[in-house]
Amino acid sequence: GTVCGTVVTTFTGVTTPYNDTTAVAGTTYNYWVVGVNSCGASANSACATAARLDVPAAPTAVTATGSCTAVDLSWTASSGATSYEVWRTTNSNCTTGAASIGTPSVTTYSDATAVAGTTYYYTVKAVNSCGTSGISNCANAARLDVPAAPTAVTATAGCTGNSVAWTNSPTATSHNVLRGTTCGTVVTTFTGVTTPYND
């Protein structure tokens with residue numbers, strides 16, 4: 001019954017343990033047992049409570065963020081999940097070629113095996129003893145990398161200074177100009193400058 005002592009359903013002539021396969025997942029039920037013989041029925045036993053488990057829902061709000069050492073994932077927990085499966089592919093449809101890369105028991109995962117500069121597409125599944133959920137939303141990110149060296153560097157003498165110009169590194173967020181009396185031997189560094197830089 002939904003309340004101890006108030007009978008809704010009776011399962012007769014059963015043995016222990018009895019599996020109530022008619023229970024609806026997620027609904028809490030109260031159970032008690034009565035012994036029966038030819039003389040009649042016993043008093044009610046003490047009451048026990050349980051809710052049938054279910055396959056968890058798919059995780060939601062999956063996000064992926066690239067860092068210099070990994071792609072970091074996070075998601076919203078699925079009720080009833082005991083662990084998760086993280087799936088990765090390089091295909092933008094998120095499923096073709098996807099492989100499981102980790103089974104965390106928490107709602108974060110750091111993919112340190114991601115190759116810098118490659119965009120990966122991630123989905124997550126929730127797992128418990130009843131089974132595995134469908135897939136979550138898809139999130140993508142690329143692990144960051146040290147930028148390539150600037151190219152086409154020139155230095156032009158001028159009346160007010162030396163003008164240094166270059167082709168920017170595509171993934172650089174800023175540039176430094178290094179100055180020395182010998183190439184590769186740094187004497188002075190000008191940080192966060194743009195091209196052309198006038199020394």
| What number goes with the only condition from (1) under 28 Å from N128 (Cα atoms); (2) at pLDDT 90 or above; (3) open to solvent by less than 90 Å² (accessible area, probe 1.4 Å) that Y18 does not pass? | (3)
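Could you please give the count of residues in the range 136-159 that are assigned to a strand (DSSP E or B) and of a type outside the set (V, I, T)?
7
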| Considering residues of the range 99-119 that are open to solvent by less than 20 Å² (accessible area, probe 1.4 Å) and within 29 Å of A172 (Cβ to Cβ) only, the residue nearest to the chain's Cα centre (by Cα) | D111
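Here's a check for you: in the range 37-82, which residue that is part of a strand (DSSP E or B) and touching a Pro at 6+ places or on another chain (Cβ under 7 Å) is nearest to C138 (Cα to Cα)?
The qualifying residue nearest to C138 (Cα to Cα) is W75.
Filter the range 120-135 down to residues that are part of a loop (DSSP other than H, G, I, E, B) and open to solvent by less than 50 Å² (accessible area, probe 1.4 Å), then give me how many there are.
2
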| query | Which one of these does N93 not meet: (1) in a strand (DSSP E or B); (2) under 18 Å from the mean Cα position of the chain (by Cα)? | reply | (1)
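The values are calculated or read from the model by the stated rules, or taken from the named source; none is laboratory data. Bear in mind that the values here come from a model prediction, so they are computed numbers and not experimental data. Counting neighbours? That spans all protein chains shown, and the Cβs are built from the backbone with ideal geometry, glycine included. In case anyone asks, the SASA skips ligands and DNA or RNA and just uses the protein heavy atoms, side chains included. Shrake-Rupley method; radii C 1.70, N 1.55, O 1.52, S 1.80 Å.
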